[in-house]
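Notes follow the structure.
A short reminder: the numbers here are calculations on the coordinates, not readings from a lab. The shown structure was predicted, so the numbers you read here are calculated from the model rather than taken from an experiment. In this analysis, Cβ positions are derived from the backbone assuming ideal geometry, glycine residues included, and neighbour counts consider all displayed protein chains.
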Amino acid sequence: REPDQIEVLRRIHQEDLSVRQTQRIVQEVLARRDGSAPQGNGARPESRPLPVPPDFQRAEQGQVERLSSVLDAVLAGNGFSLAPMDAIVSEIEDSLEAAPEAAFASLASVGAEGNGGEGAERWIEWHMLRVARVVLWVARREGWDRDRRLRMGRCALLYDIGLRRVDPRLLSRQGPLSPAEHILVRRHVSYGEEVLQALPGIGPEAPQAARDHHERTDGSGYLAGVGRDRIAEAAQWIGLADAYVAMCERRPHREGFAPFRAMQVLQIEARRGVYPEPLFRAFLAALSRYPLGSAV
C-alpha cells in the first residue's frame, strides 16, 4: 500500500538506512499489515550485475583518469578546454551504441570507492561518469539531437565538481553527520556553480546543473528549496540520474540498492511529486526496472 511505502521511504531518508536495515523495516511493515511473521528477504526478485568485460573496465578507468585531470586543472586555475570533455561524451555514446549490456553492468556494480575498489580517491569522477552514462542513454531514447546530448553530457561530467572542495573526511564518514556537517556538505552545490561560472565556453547550463541538481519539484530539495518552475532543465534530468546512481552505489555507511529497488524508490517519490512524472516516465521507459546488464 502506498501509505506503507511512504512510511518506509520517509525513514530511509531521515535515518539514512542501509539496504539491510531497509529490508528489515519492509518485512516488519508487511508482517504488521498481514498479521504474519517476516520471512526471508521478501517475495520480489533481486537483480545482480553481470560481469563487466575487462576491455570496458580499462576504457572506463581511462575516462575517469582523464576527467580527474580536467577537474584538477580547473580547480588549480590551470585552464579549461571543451575538447577533453567532448571526447569523453563521444566515447560514452559509442559504448552505449556498441555494448550497452557492458555499460549497464558497470553501472549496476558501481561502488563509491570506484570500480571493484579501485580509485577510491576518484569516486566523485566515477559517480559523474556513470550519471553521464544514464543521462545520455535516456536522451538517446528520447530522440535528442547530437548537440543537445553533447551539452547535457558536459553538464553531467561537471555538475558535482563542488564536492572536490568538501572535506573528504565528511564524505567518507561511516556514521551520521551533524546538522552543521550536513550544511558543509550541501554547500558543494554553491561551490560547483561558482567554479563552473568561470569556465570559458561551457555555457549557462553547467553552472545551473551544479546549483539545482539537489532541488526537487515539490520544493523539498536544497539549497534554495525551489519548485519545478525554478529548477533548470538540465538539473532536473541530472538530479534524477544522480539520485538513481547514488542509490545503486556502495557508500561507506551502507551497501548499494539493487537497480530495480532504486527505481522503485524513485517511482514512489515521483508519485509524491518529488520528481516530475513525465521525466520519471522517460527514465523508466529507457532504463526499465531491471536495467541492461542485470541478471534477474
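Here's how it looks for ARG251: its modeled amide H is under 5 Å from those of ALA112, GLY256, which are all 5 or more places away or on a different chain.
In order along segment 172-186, the Karplus-derived 3J(HN,Hα) couplings, from 6.51 cos²θ - 1.76 cosθ + 1.60 at θ = phi - 60°, round to 9, 4, 7, x, x, 8, 6, x, 5, 5, 4, 4, 4, 5, 5 Hz, and Gly and Pro are given as x. 3J(HN,Hα) along segment 139-154, derived from phi through the Karplus expression 6.51 cos²θ - 1.76 cosθ + 1.60 where θ = phi - 60°, amounts to 4, 5, 5, 7, x, 5, 6, 4, 5, 5, 5, 5, 5, 5, x, 4 Hz, with x in place of Gly and Pro. Between the beta carbons of ASN78 and GLU101, assuming R0 = 41 Å, the FRET efficiency works out to 0.60 to the nearest 0.05.
Counting Cα-Cα pairs of segment 234-283 in 5 Å increments starting at 0 gives whole-percent bin shares of 5, 22, 30, 24, 12, 6, 1.
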